[in-house]
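Reading through the structure tokens given below for one structure.
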Amino acid sequence: MGDAIGQVLPLAVGVALSPVPIIAVVLMLGTPRARGNGLAFLAGWIVGLTIVTTIVVVAAGGAGAEDNSEPATWASVLKIVLGVLLLVVAVRQWRSRPGADAEPELPKWMKTIDTFTPGRSLAISAALAGVNPKNLLLAVSAGATIAATGVDTGGQVAAVAVFVLIGTLGPGIPVAVYFAMGKRAAHVLEEMKTWMAANNVAIMAVLCLVIGAKLIGDGVSGL
């Protein structure tokens, strides 16, 4: 179990440091429905991340991701492929970075965030957690990695839980700050949102580059 948890920790950190969801939840916490939407967003994130990761663990386990206490060849090849895809995402992110004087551009749906209901907040969050390309690659990598360790069902559940818990810290910390500090949280959250928006591309590019390189290295060593 320890091996499975240790291997998914970097992937979980990559999920947690996702600027767009953090910016989205900070914006929600500044609306009249802050409490309901913030908690719904957090719930959706946990649900989306858990579903995708669990599906991959079950599917990879059923396909024999572990072979005599070693990752199966196809599981190692999958890691290499996912690592390469993350490197592609890193390059695309870096190339799309705004100029030095350009205002960072956020997704259009964020402009209507003050009209969100808890239901829509939950749905958007689940999609960002499980279907967003970067997070999808990381969740698939985590699921395949857990299955390839050969850990028993209890260990798989624990590893998925740790992955989801750490991966939820990104959007979870602003919600915790809001409930802990109340009105005093506005300044802290505004600074967080501004910094994340300004450095969104750089954060994503570096994360995808580092984790992509790690997955390729793990895959090559497992062949």
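Values computed for the structure shown
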quantity: Axial C-alpha extent at least 15 Å, average Kyte-Doolittle at least -0.5 - helices from the chain (DSSP); calculated: 2-16, 34-62, 73-95, 118-130, 133-148, 153-167, 169-181, 185-222
quantity: Positive dipole terminus of the chain, leading residue within THR194, ALA59, ALA142 (C-beta point charges); calculated: THR194
quantity: Restraint check, LYS108/LYS214; LYS111/LYS193; LYS111/LYS134; LYS111/LYS214; LYS108/LYS134; LYS134/LYS183, Cα-Cα greater than 24 Å; calculated: LYS108/LYS214; LYS111/LYS214; LYS134/LYS183
quantity: Shape parameters for the stretch 2-222, alpha-carbon atoms, Rg then Dmax in Å; calculated: 17.9, 56
quantity: Residue among VAL47, VAL15, VAL177 with the largest mean-square fluctuation in a Gaussian network model of the chain, springs linking Cα atoms under 10 Å; calculated: VAL177
quantity: Cα centre as origin, Lys/Arg/Asp/Glu Cβ charges: the chain dipole, Debye; calculated: 780
quantity: Length-normalised contact order for the chain - Cα pairs under 8 Å, 6+ apart - percent; calculated: 48
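Each reported figure results from applying straightforward, stated rules to the coordinates on display, with no laboratory input. All values reported here derive from a predicted model rather than from experimental measurement. Note that we place each Cβ from the backbone using ideal geometry, even for glycine, and neighbour counts take in every protein chain shown.
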